[in-house]
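Input: a single structure, listed below in structure tokens.
Quick note: the coordinates plus some simple rules give every number you see, no bench work behind them. Small disclaimer: the values here were computed from a predicted structure and weren't measured. With ideal geometry, Cβ positions are generated from the backbone for all residues, glycine too; neighbour counts draw on all protein chains shown.
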Amino acid sequence: MELLPEGPFDLDELRTLREQIPSLIHFGTSSWNYTGWQGLVYHRKYPKSGAVTKMLAEYAEFPLFSTVGIDASFYRPLSANTYRGYADVLPPGFKCVHKVWSRVTIHTFTGHQDGGTAGERNPDFLNAELCLNEVIGPALEHFGGHLAPFVFEIQTIAKKDKVSADDFAGRIDEFLGKLPRDAPYAVELRNEEYLTPAYLAVLREHGVAHLFNSWTRMPPIGEQLALADIITAPFVIARALLRPGRLYAEAVDAFAPYDKIQDENPELRGDLTKLAERAIKLRIPAYLLINNRAEGSAPHTIAAVARMIAAQVT
């Protein structure tokens, strides 16, 4: 396979950074199949399709990465062969954050790859049996050695659907109570009004994490971190997806092909550093996942945050 010239990163510097930061802190990106990272993360030339597993193998060699978000599992459950293919190329102990199938986490169908007619209620919203049979069970069986938290990305629930904060907390409580407790879980909200003491109490009871997200209609990660009793599990997890107020499609158009910073966000970088510091103080793992749409290039954002964390702990 064709080799590419050296990219903009000093890999020796990144290895030194990784050594300076406690191993509890795990950096990774939301997915890894980006041809714009050729010459940046990837030093082999890959085709536009059909090389996902080979790219994952090289992704895991990047000095700062010790986790990754598996986003494809949001659109359909992964097959046993896919799990085994991923496991075969990952080093021991490399953990993957696993997004749960959208059929379980969408309240109302939107018509975008989620299997129903737009506007109809999803009868499988928070269906624990479906989640266990189609997602958690197979993942534990075929990929157990590489599992970081399962993420329940709860898509935005419209006000017209009249699901109150208390209703939502009750639904999540019932759902989590039916899942096996020997796997780590995290809930990602897209409705700020659901981020209540009752919701956090439910998560704490089940040992499930509130996922700190930077998203269009959510408060910044720093504001979430400032809430009382916000750490609800023996780990923390964040997904830096978008600058609050920015739409996803807008960022896709503006930032592709994701090979450089396009919109530096010092507040986001500082919030992620504070979250890492909190985890280090509590001596619990932190999974910090960065999306290309946060600033324009997830690897560059991660390098910048790693330098900030290293400066605080050394």
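Distances between placed amide hydrogens fall under 5 Å for Arg44 paired with Leu4, Gly39, all partners being 5 or more residues away or on another chain. For the range 127-212, the fraction of C-alpha pairs more than 19 angstrom apart is 38%.
Where both bridge residues fall in the range 1-160, DSSP classifies roughly 15% of the beta bridges as antiparallel. Shape class of the range 161-314 from the Cα gyration tensor (axes a ≥ b ≥ c, square roots of the eigenvalues): oblate, since a/c reaches 1.5 or more and a/b does not exceed b/c. Antiparallel beta bridges, as assigned by DSSP with both residues in the chain, represent about 5 percent of the total such bridges. Rounded to the nearest Hz, the phi-derived 3J(HN,Hα) couplings of the range 145-158 under the Karplus curve 6.51 cos²θ - 1.76 cosθ + 1.60 (θ = phi - 60°) are x, 10, 8, 8, x, 6, 10, 9, 7, 7, 5, 3, 9, 5, where x marks glycine and proline. Each peptide in 244-255, 50-61 receives the mean, over its residues, of other Cβ atoms within 10 Å, and ordering these scores from highest gives 50-61, 244-255. Of all lysines in the structure, the ones whose alpha carbon falls short of 30 Å from that of Lys54, not counting any fewer than 8 places away in one chain, are Lys45, Lys95, Lys99, Lys260.
A compact globular protein would have a Cα radius of gyration near 2.2 N^0.38 Å; the ratio found for the chain is 0.96. Protection proxy ranking, highest mean first, for peptides 167-176, 281-290, 257-266: 281-290, 167-176, 257-266, where packing is the per-residue count of other beta-carbon atoms within 10 Å, averaged.
With both labels modelled 7 Å from their Cα along Cα-to-Cβ, the Leu247 to Arg44 distance reads 4.0 nm. Averaging Cα coordinates gives a centre for the range 33-71 and one for the range 184-239; these two points are 29 Å apart. Taking the fewest neighbouring Cβ atoms within 10 Å as the starting point, the ordered list for Thr82, Thr117, Thr273 is Thr117, Thr82, Thr273.
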